[in-house]
Amino acid sequence: ELVDLRIEGNYVPNTQSMRVFKFATVHNLYFNNNKFIRNELAQLYDYMCIHNCLYGYAEMKNNYFDGNDQGVFRILGVGELAFEIKDNYFKDILATCIDTRNMVDEHRGNVQINIIHNTFDHAGYNWCCIRPRTANYNENSLDVQVHYNTFINGCNSVELTDNYRYAENPTGDRQIYNMDNNYFEEVKAADLSNVNFGDAAYSWANCYDSVEDLERDYQLVKDNYNY
């Protein structure tokens with residue numbers, strides 16, 4: 001088990017690993033101010049894979065990810081967790097950007113994920129950008145706050161669905177998302193429905209039809225999101 005793991009301030013302009021970082025169990029993670037650009041000839045699956053459990057506190061802020069063949073953060077197990085994801089840029093991501101999976105009994109507890117002011121640019125274009133799930137959560141809760149994010153350049157393949165889908169809960173048993181105050185390039189705010197969130201959202205109010213309006217309003221409230 002790694003405690004207080006910090007991965008910060010790295011620049012990798014020619015990423016060639018199949019998985020850049022892979023760990024078993026992490027208790028508190030700080031993944032900030034990194035920039036990764038994929039080598040176009042390399043097969044790159046994940047920037048971060050935690051294959052047993054992430055629990056405690058995690059933050060992922062001010063990172064830039066350009067290109068991969070699977071996901072950015074693939075977390076196969078979680079325990080009680082507060083996870084802050086803010087001010088990142090995800091570009092040309094094939095499958096998923098945020099993918100958290102089963103609750104691990106040893107560290108069982110509630111999970112709060114806040115996804116604030118990120119750009120998803122052609123990200124999750126062949127699957128779905130944001131995919132936390134509630135497998136084995138039982139009595140525990142998962143709440144995902146998704147606000148002031150920009151989704152542009154085809155974030156979900158219309159070849160897989162008749163509607164653009166930006167978030168989902170693959171377990172399918174709960175509505176876990178508050179999707180208020182985001183911009184979705186492909187769908188006007190008035191036309192959004194829960195189909196666009198895999199029937200897993202409980203709110204998608206006050207969304208925007210321009211990035212400019214979103215950024216204007218975010219400047220007024222951004223201090224509320226300084227976790």
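Percent relative contact order of the range 33-136, based on C-alpha pairs within less than 8 angstrom and at least six residues apart?
Details: 294 pairs, mean separation 27.3, N = 104.
In percent, rounded to a whole number, it is 26.
If you keep only loop residues by DSSP, which GluC sites (Glu not before Pro) in the range 8-79 have at most 11 other Cβ atoms within 10 Å of their Cβ?
On the way: sites: 8, 40, 59; in loops: 40.
Those satisfying the criteria are 40.
Using alpha-carbon positions, what is the distance between the centroids of the range 1-41 and the range 112-140, in Å?
Centre-to-centre (Cα) distance: 19 Å.
Given charges of +1 on the Cβ of Lys and Arg and -1 on the Cβ of Asp and Glu, with all other atoms neutral, how large is the dipole of the range 129-221 about its Cα centre, in debye to the nearest 20? Can you show the working numbers first?
Numbers: 6 positive and 16 negative charges, 57 e Å.
Once rounded to the nearest 20, the dipole reads 280 debye.
Relative contact order of the range 83-150, please, whole-number percent, based on alpha carbon pairs below 8 angstrom and at least 6 residues apart.
Working: 145 pairs, mean separation 30.2, N = 68.
It rounds to 44 percent for the range 83-150.
Can you tell me the dipole magnitude for the chain around its Cα centre, using point charges on the Cβ only (Lys, Arg +1; Asp, Glu -1), in Debye to the nearest 20?
Numbers: 18 positive and 33 negative charges, 114 e Å.
Computed about the Cα centre, the dipole is about 540 debye.
Let me check against my output: what whole-number percent is the relative contact order of the chain, with C-alpha pairs under 8 Å and at least 6 apart?
12
Give the value in nm², to one decimal: projected area of the alpha carbon convex hull of the chain, averaged over all directions. Mind showing how you got there, number by number?
Details: hull surface 46.3 nm².
Orientation-averaged projected area of the Cα hull: 11.6 nm².
Under 5 Å between amide hydrogens, which residues at least 5 positions from residue 35 or on another chain qualify, with H placed 1.01 Å from N in the peptide plane?
10, 11, 12, 64
For the range 125-132, in order, what is each residue's ³J(HN,Hα) by Karplus, 6.51 cos²θ - 1.76 cosθ + 1.60 with θ = phi - 60°, in whole Hz (x at glycine and Pro)?
In residue order, the calculated couplings are 6, 10, 8, 6, 4, 10, 9, x Hz.
Mind checking which of 7, 205, 117 is farthest towards the positive end of the chain's charge dipole, using Cβ charges of +1 (Lys, Arg) and -1 (Asp, Glu) about the Cα centre?
7
Where Rh is the Kirkwood radius over the Cα pairs of the range 1-59, the temperature 10 °C and the viscosity 1.306 mPa s, what D in µm²/s does Stokes-Einstein return?
On the way: Rh = 12.2 Å.
Calculated translational D: 130 µm²/s.
At 0.890 mPa s and 25 °C, plugging the Kirkwood radius over alpha-carbon pairs of the range 100-227 into Stokes-Einstein gives what diffusion coefficient in µm²/s?
Answer, rounded: 162 µm²/s.
Read-outs: derived from the displayed coordinates by stated rules, not from any lab. What you are looking at is a predicted structure, and each value in this text was computed from that prediction instead of being measured. Please note: Cβ atoms are built from the backbone with ideal geometry, for glycine as well, and neighbour counts cover all protein chains shown.
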